[in-house]
Amino acid sequence: MASCGSSQEADFASGENAADKISGATGDALAAAGLASAEAIGLTAEEAWNAAVENAAAASDEASDYNPDRDLSDRIEIPLGDSMMYANKSEMNQFCKFNEEELPADTYVYQDYFFYHSLTDEMREYITGCSYPAEGAREISLDGLAYVSVLHMDFDGYVHRGELICNKAIAKDLVEIFYELFQNRYPIQRMILIDEYGGNDEYSMEDNNTTCFNYRMTVDTGSLSQHALGRAVDLNPLYNPYMYKGSVEPVGSEPYTDRTLNEPYLIKDDGIVVKLFKEHGFEWGGDWKTMKDYQHFQKK
Ligand SMILES: [Zn+2]
């Protein structure tokens with residue numbers, strides 16, 4: 001049976017902080033799952049991460065200078081603006097949990113590689129008991145959620161497939177928004193399901209992972225978050241912190257409470273991210289008065 005937070009992909013994707021998590025949170029379920037899985041393939045989490053970095057570096061060589069020694073059997077062309085981007089499909093997909101050869105019948109394809117569909121049986125099983133409550137949820141059903149697949153460019157300019165689970169009501173908005181961000185080469189470091197972190201929002205944020213659906217309460221009021229309805233997106237959260245009454249989340253994001261920094265990952269009120277989400281009817285947490293949630297966009 002599929003089990004969230006314990007896949008090999010999870011170790012690779014979250015390996016950046018995994019060593020700290022494992023050493024700092026003995027007995028933590030996610031760390032235990034990650035360590036057990038890394039050991040199962042003969043690697044520590046740190047070694048797994050280093051292997052992933054080497055893969056990415058190799059991918060970049062291929063993309064930049066067409067290294068003749070590389071296996072290009074699965075190379076694909078991706079339209080980007082007026083030009084073509086090259087990527088190896090396996091490397092593009094390496095962090096994703098779900099890679100489907102045949103898409104479900106209700107798939108909506110917006111552009112090549114930008115699509116969404118209802119959750120498959122495998123996906124339902126995977127998220128239940130993790131980002132979706134095992135006992136079900138009165139406010140949102142599994143039928144009300146969509147699986148969204150897009151491409152994104154990481155901070156080094158390499159293409160990855162990203163995956164999100166969201167409310168069906170905003171799935172079309174999201175493929176359109178993330179398509180525009182990709183076409184504009186907007187850097188998004190990581191975009192994997194929060195279940196890869198055992199549904200732990202803090203770990204996902206520390207890893208700078210962009211996410212949407214997670215059935216949880218808000219930090220400040222304890223009421224149901226818009227993430228619990230799949231109606232909110234957190235983008236590049238490590239660089240775009242949540243600030244409330246002197247507290248800052250996630251750990252490590254403190255330097256980025258200075259919103260005058262000239263970093264390309266900071267979401268600015270006059271930038272393309274805010275513009276696109278607002279055009280699609282979302283509100284931005286950076287506009288809020290009693291708190292600031294710079295990573296957060298929601299559409300109720
Ligand atoms: Zn949020």
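The values are calculated or read from the model by the stated rules, or taken from the named source; none is laboratory data. None of these values were measured; they are calculated from a predicted model. In this analysis, Cβ positions are derived from the backbone assuming ideal geometry, glycine residues included, and neighbour counts consider all displayed protein chains.
Residue-wise test of (1) more than 21 Å from the chain's Cα centre (by Cα); (2) farther than 14 Å from TYR186 by Cβ.
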{"site": "ASP258", "(1), (2)": "yes, yes"}
{"site": "LEU261", "(1), (2)": "yes, yes"}
{"site": "LEU266", "(1), (2)": "no, no"}
{"site": "GLY271", "(1), (2)": "no, no"}
{"site": "LYS275", "(1), (2)": "no, no"}
{"site": "GLU283", "(1), (2)": "no, yes"}
{"site": "LYS289", "(1), (2)": "yes, yes"}
{"site": "PHE297", "(1), (2)": "no, no"}
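Which condition number does ALA169 fail, the rest of (1) more than 18 Å from the chain's Cα centre (by Cα); (2) part of a loop (DSSP other than H, G, I, E, B) being met?
Only one criterion is unmet by ALA169, namely (2).
For region 269-280, does any single residue satisfy the condition of being out of contact with any Phe, Trp or Tyr (no Cβ under 6 Å at 6 or more places or on another chain) and under 17 Å from MET205 (Cα atoms)?
Taking every residue of region 269-280 in turn, none turns out to be out of contact with any Phe, Trp or Tyr (no Cβ under 6 Å at 6 or more places or on another chain) and under 17 Å from MET205 (Cα atoms).
Taking only region 202-222 into account, find how many residues are part of a helix (DSSP H, G or I) and surrounded by fewer than 22 Cβ atoms within 10 Å (Cβ to Cβ).
Number satisfying all stated conditions: 1.
Do you know which residues across region 244-276 are of a type in the set (A, V, I, L, M), surrounded by fewer than 18 Cβ atoms within 10 Å (Cβ to Cβ) and touching a strand residue (DSSP E or B) at 6+ places or on another chain (Cβ under 9 Å)?
VAL248, the sole residue that qualifies.
Please work out if GLY199 is assigned to a loop (DSSP other than H, G, I, E, B), buried (at least 17 other Cβ atoms within 10 Å of the Cβ) and within 16 Å of the ligand (Cβ to nearest atom). Spell out how you get there, then give the answer.
On the way: assigned to a loop (DSSP other than H, G, I, E, B): yes; buried (at least 17 other Cβ atoms within 10 Å of the Cβ): yes; within 16 Å of the ligand (Cβ to nearest atom): yes.
Yes, satisfied.
Any idea which of (1) surrounded by 14 or more Cβ atoms within 10 Å (Cβ to Cβ); (2) more than 25 Å from HIS160 (Cα to Cα); (3) modelled with pLDDT of 95 or more is the one HIS280 doesn't satisfy?
(2)
Taking into account only those residues within region 223-234 that are over 17 Å from TYR203 (Cβ atoms) and assigned to a loop (DSSP other than H, G, I, E, B), which is nearest to the ligand (Cβ to nearest atom)?
ARG231
I need the full set of residues from region 254-300 which are hydroxyl-bearing (Ser, Thr, Tyr), more than 13 Å from the ligand (Cβ to nearest atom) and within 19 Å of PHE155 (Cα to Cα), in order please. Can you show your working first?
Taking region 254-300 first, the residues hydroxyl-bearing (Ser, Thr, Tyr) are 256-257, 260, 265, 290, 294.
From what is left, the residues that are more than 13 Å from the ligand (Cβ to nearest atom) are 256-257, 260, 265, 290.
Of everything in region 254-300, those that are hydroxyl-bearing (Ser, Thr, Tyr), more than 13 Å from the ligand (Cβ to nearest atom) and within 19 Å of PHE155 (Cα to Cα) turn out to be TYR256, TYR265.
Starting from residues that are more than 19 Å from TYR197 (Cβ to Cβ) and in contact (Cβ under 8 Å) with a residue 12 or more places away in the chain, keep the ones in region 125-141 and report whichever is surrounded by the fewest Cβ atoms within 10 Å (Cβ to Cβ). Steps first, answer last, please.
Within region 125-141, the subset more than 19 Å from TYR197 (Cβ to Cβ) is 135-141.
Checking the rest, the ones that are also in contact (Cβ under 8 Å) with a residue 12 or more places away in the chain come to 137, 139-140.
Working: ALA137: 14, GLU139: 9, ILE140: 19.
Across region 125-141, the extreme among qualifying residues is GLU139.
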